[in-house]
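The next block holds one structure in the form of structure tokens; read it before the comments.
The values are calculated or read from the model by the stated rules, or taken from the named source; none is laboratory data. Computed from a prediction, not measured in an experiment: that's the story for all the values here. Cβ placement follows ideal geometry from the backbone for every residue including glycine, while neighbour counts extend to all protein chains displayed. SASA here: full protein model, heavy atoms, side chains in, ligands and nucleic acids out. Shrake-Rupley method; radii C 1.70, N 1.55, O 1.52, S 1.80 Å.
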Amino acid sequence: MKTAALAAAVPMFVNAKAFGANDRIIMGCIGMGGQGRGDMGGFLGFKQVQVVAVCDVVGRHRDMAKSSVDGRYNSKDCKTYVDFRDITTRKDIEAVLIATPDHWHANISIEAMKHGKDVYCEKPETLTIAQGRSMVKIARRYGRVMSGGSQRVWGDYNWFHKMVQGGAIGE
């Protein structure tokens, strides 16, 4: 299910310009805890994506992510960073995955889009309506594509469907 969600996300989040000069999207990944490494693994499965850098403040997370990337490409070329700005300002990176703790999502997404990156951000993309409006404004201003994680399992919300179907809010 997770792979299917990522497969659906890649075409929605990829800017058409990314396929112009080469056949790969050069990507950096920020926030390499369990969810971030899982999402990154999904992106590594696409031949159209090349991950070149990973970032996390936790050394163990950073090292595990680098190991995965280097193993995928049979190299030692993946760069590691502690500061997300080292990825958002790299000229060669076209897209970023953001899977940091929630309170960083909007700030890093905005920073990345201002530097010409398309963004795939884990949910929740924002914590406030104002942050969401700022992200939309920046995406439009800089012509960027922003896509967010929306994969969920039926079990998470099954209680809600049963309640509604049971008439709790009327017909």
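How many residues does the range 29-60 contain that are open to solvent by 60 Å² or more (accessible area, probe 1.4 Å), touching a residue at least 12 places away in the same chain (Cβ under 8 Å) and not in a loop (DSSP other than H, G, I, E, B)? Looking only at that region, the number is 2. When the range 65-91 is examined, which residues are found to be within 14 Å of residue 49 (Cβ to Cβ), surrounded by fewer than 20 Cβ atoms within 10 Å (Cβ to Cβ) and not polar (S, T, N, Q)? Across the range 65-91, the qualifying residues are 72, 73. What pairs come up if the first residue lies in the range 133-149 and is under 10 Å from residue 109 (Cβ atoms), the second is basic (Lys, Arg) and at pLDDT 95 or above, and their beta carbons are under 9 Å apart, counting only those six or more places apart or on different chains? The qualifying pairs are 138/114; 138/144; 144/114; 144/117. Residues in the range 117-171 that are within 28 Å of residue 44 (Cα to Cα) and among the acidic types (Asp, Glu) were compared, and the one that is modelled with the lowest pLDDT is 156. Has the range 92-108 got any residue that is closer than 21 Å to residue 124 by Cα, open to solvent by less than 20 Å² (accessible area, probe 1.4 Å) and touching a Pro at 6+ places or on another chain (Cβ under 8 Å)? Looking for residues that are closer than 21 Å to residue 124 by Cα, open to solvent by less than 20 Å² (accessible area, probe 1.4 Å) and touching a Pro at 6+ places or on another chain (Cβ under 8 Å), one finds at least one in the range 92-108, hence yes. Among residues of the range 72-86 that are of a type in the set (Asp, Glu), those with a Cβ under 9 angstrom from a residue that is open to solvent by 100 Å² or more (accessible area, probe 1.4 Å), sequence gap 6+ or separate chain, pair up as 83/57; 86/79. For residue 107, the conditions (1) touching a Ser or Thr at 6+ places or on another chain (Cβ under 6 Å); (2) at pLDDT 95 or above are fulfilled apart from (1).
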